[in-house]
Amino acid sequence: MEAGIMSDKLTLIVGATTNPTRYAYFAASRLADAGVPFIPIGIKTGELFGEKIMDLRAKPALENIHTITLYIGPSNQEEWIDYLISLAPERIIFNPGTENPVFFQKAKANGIEVLQACTLVMLSTNQY
């Protein structure tokens, strides 16, 4: 992959955690290793690879989000759907276990690309 191609894909990791056994943690690690800027956001506090985890409950105003990668299940998404769509990302990656047809449709209706994929696999196969 050409240098700089991924570095402009600011990624919001929804469901970020400092728990090293969780996939959201692995994603932050892999994004950091790949040089992809990311913002961790969730209901947990802490820091991931130099980035402070933002409080999802505060629904912070964020700009220039290219990708949202989801690590919260459908039963915990409802409260955040409109907020995440309002960030106007180019795409939302629904990692395994986060698939939500209602969220898919709302995102697509707002011109957002929806991927049922795995961020870790996409990074490891240069498809990110």
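The values are calculated or read from the model by the stated rules, or taken from the named source; none is laboratory data. Keep in mind that what you see is a predicted model, and the values were worked out from it rather than measured. Positions of Cβ are generated from backbone atoms using ideal geometry, with glycine treated the same way; all protein chains shown enter the neighbour counts.
So here's what we get for this one:
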read-out: Every pair of residues 6+ apart whose Cβ atoms lie under 7 Å, when the first sits in the stretch 45-60 and is among the small types (G, A, S) while the second is in a loop (DSSP other than H, G, I, E, B) and surrounded by 12 or more Cβ atoms within 10 Å (Cβ to Cβ); value: G46/T18; G46/I53
read-out: Counted residues, the stretch 96-119 - those being within 28 Å of T21 (Cα to Cα) and touching a helix residue (DSSP H, G or I) at 6+ places or on another chain (Cβ under 6 Å); value: 4
read-out: Pairs where the first residue, in the stretch 111-128, is without any contact (Cβ under 8 Å) to a residue 24 or more places away in the chain and the second is of a type in the set (K, R), C-beta under 8 Å, 6+ apart; value: E113/R91; V114/R91; V114/K108
read-out: Tally of residues being of a type in the set (S, T, N, Q) and surrounded by fewer than 21 Cβ atoms within 10 Å (Cβ to Cβ) across the stretch 43-71; value: 2
read-out: Output for the stretch 92-103, where each listed residue is of a type in the set (A, V, I, L, M, F, W, C) and crowded, with 16+ Cβ neighbours inside 10 Å; value: I92, I93, F94, F103
read-out: Lone qualifier among P89, P74, P40 - being in contact (Cβ under 8 Å) with a residue 24 or more places away in the chain, surrounded by 15 or more Cβ atoms within 10 Å (Cβ to Cβ) and over 12 Å from V14 (Cβ atoms); value: P74
read-out: Total residues in the stretch 8-23, condition among the basic types (K, R) and within 23 Å of Y83 (Cα to Cα); value: 1
read-out: Hits in the stretch 104-117 (condition: surrounded by 11 or more Cβ atoms within 10 Å (Cβ to Cβ), closer than 21 Å to Y128 by Cα and out of contact with any Pro (no Cβ under 7 Å at 6 or more places or on another chain)); value: F104, A107, K108, E113, V114, L115, Q116, A117
read-out: Single unsatisfied condition, Y128 versus (1) at pLDDT below 95; (2) under 15 Å from L12 (Cα atoms); (3) surrounded by fewer than 16 Cβ atoms within 10 Å (Cβ to Cβ); value: (3)
read-out: When residues of the stretch 1-31 are limited to those that are modelled with pLDDT under 95 and surrounded by 13 or more Cβ atoms within 10 Å (Cβ to Cβ), the one farthest from Q77 (Cα to Cα); value: M6
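Per-residue answers, yes or no, for (1) closer than 17 Å to T17 by Cα; (2) of a type in the set (A, V, I, L, M):
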| residue | (1), (2) |
| --- | --- |
| F49 | yes, no |
| L56 | yes, yes |
| H66 | no, no |
| L84 | no, yes |
| P89 | no, no |
| Y128 | no, no |
